[in-house]
Amino acid sequence: MSSPTTLPGPGRSGPVATQHKAWIALVVTGLIIGSAFIAVYVGLQRDPVPNDLPVAVVGQELSTAAGTGLGDSVAVTEVASLKDGADLVRDGEAVAVIAASSPTTLQFDYAGASGFSESGAARALVNGLADKTGMTVEETDIVPLTKYDSRGLSAFYVVFGVTLSSFVLAQGLTGATSTVRLRHRLYAMGGFAVAIGLAAATIAGPIYGSLTPSFPLLALSLILLSAASAFSTKALGAWLGPAGIGIAVLILTTVGNATSGATIGYDLLPGWAQAVSAELPPGAAVRAINDFGYFDGSRAVASLAVLVLWFVVGLGLILLRQKVASRRDSGANAASLEVPTA
């Protein structure tokens, strides 16, 4: 005769009944996230093609030839002189400027700081144009990358690290609602944003010299990135539970970092990626860091505004969720205290 199974309880021990839905949901979520990560990162690397790559061209005749010869690959801006075109490059408004320095030579001044993919694509297009016309190319990198960021990938790794660590913190705090009060969770995320922003800016800036913005601007960009990532992750988790955490992984660490423009330049991304690149926290942070570090910084303000918006909306949704939950609990308590009458 078999003995009955002892159920777990206070002062008792016994086997735990497996809830199959719980582990199946985790496995499916992991498969979706892993597959999406691979599909997005590998897919964007397959065959990036320039589309409306911003190039300044000196003179009407050469502008017409460039527009005809390069087609939709470039967006040509006609300028009056090489200096005018170089100013656009240094301001980040164009990747390169092209001028005919002699009947047989094209002068090609470009911004290496725009990234290897963007400047490399511009170089390939100009050399192709020169081959068609029988000309040679003389090129100069007028906005070079710092020597401590030889591949132009430091911004990507720093942004990825700050985003990932902020997500992990928010995920952990979402699961600690029964042991950590809301205001302390908010303080933790805010304090962490300041700490990780300062730490990352110190390492990548003064210590390694890999990122070139001034320390206050670099730290500000990374602090806002952490706050945007953490508070938006917490908001999704508060409203949608585990599904919200999965969505945060897909939006922030997967799509956000892959489309940030740090590994594949914005003008080489497919249309769907361009549509979301600057609107997600990682892309906004990469743009702010590069604009502050290599260009005039005027476009960085819009990128910082994107980060602030993600942070503020995330915070607002967290507080709203707490308010809704409090009202629901108050209503339930009031209902339980009602005494039925005959």
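The values are calculated or read from the model by the stated rules, or taken from the named source; none is laboratory data. Remember, it's a predicted structure, so these values are computed and weren't measured experimentally. Here the Cβ is made from the backbone with ideal geometry for all residues, glycine too, and neighbour counts use every protein chain on show.
Side notes on the structure shown:
- Residues that are under 18 Å from L315 (Cα atoms) and not hydrophobic (A, V, I, L, M, F, W, C) within the range 222-243 comprise S226, S229, S232, T233, K234, G237, G241, listed in sequence order.
- Residue in the range 211-220 that is under 19 Å from G314 (Cα atoms) and of a type outside the set (F, W, Y) present: yes
For every residue, the table says whether it meets (1) in contact with a Lys or Arg (Cβ under 8 Å, 6 or more places away or on another chain); (2) crowded, with 16+ Cβ neighbours inside 10 Å; (3) farther than 21 Å from R287 by Cα.
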{"position": "A80", "(1), (2), (3)": "no, no, yes"}
{"position": "A86", "(1), (2), (3)": "no, yes, no"}
{"position": "A99", "(1), (2), (3)": "no, yes, yes"}
{"position": "S102", "(1), (2), (3)": "no, no, yes"}
{"position": "T105", "(1), (2), (3)": "no, no, yes"}
{"position": "G112", "(1), (2), (3)": "no, yes, no"}
{"position": "G128", "(1), (2), (3)": "no, no, yes"}
{"position": "D131", "(1), (2), (3)": "no, no, yes"}
{"position": "G134", "(1), (2), (3)": "no, no, yes"}
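- Residues that are in contact (Cβ under 8 Å) with a residue 24 or more places away in the chain and over 22 Å from L268 (Cβ atoms), drawn from the range 66-102: L82, D84, A86, A99, A100, S101
- Condition check for E93: surrounded by fewer than 21 Cβ atoms within 10 Å (Cβ to Cβ), more than 30 Å from L222 (Cα to Cα) and either touching a helix residue (DSSP H, G or I) at 6+ places or on another chain (Cβ under 9 Å) or of a type in the set (S, T, N, Q) (or both): no
- Screening the range 231-262 for residues that are within 11 Å of the chain's Cα centre (by Cα) and surrounded by fewer than 24 Cβ atoms within 10 Å (Cβ to Cβ) and picking the one that is farthest from G175 (Cα to Cα) gives V255.
- Of residues in the range 313-328 being in contact (Cβ under 8 Å) with a residue 12 or more places away in the chain and either assigned to a loop (DSSP other than H, G, I, E, B) or among the hydrophobic types (A, V, I, L, M, F, W, C) (or both), the one surrounded by the fewest Cβ atoms within 10 Å (Cβ to Cβ): V313
- Residue in the range 5-24 that is in contact with a strand residue (DSSP E or B) (Cβ under 9 Å, 6 or more places away or on another chain) and surrounded by 10 or more Cβ atoms within 10 Å (Cβ to Cβ) present: yes
- Residue match in the range 136-157 (condition: modelled with pLDDT of 95 or more, assigned to a helix (DSSP H, G or I) and surrounded by fewer than 18 Cβ atoms within 10 Å (Cβ to Cβ)): yes
- Residue within the range 165-184 that is crowded, with 17+ Cβ neighbours inside 10 Å and without any contact (Cβ under 8 Å) to a residue 60 or more places away in the chain present: no
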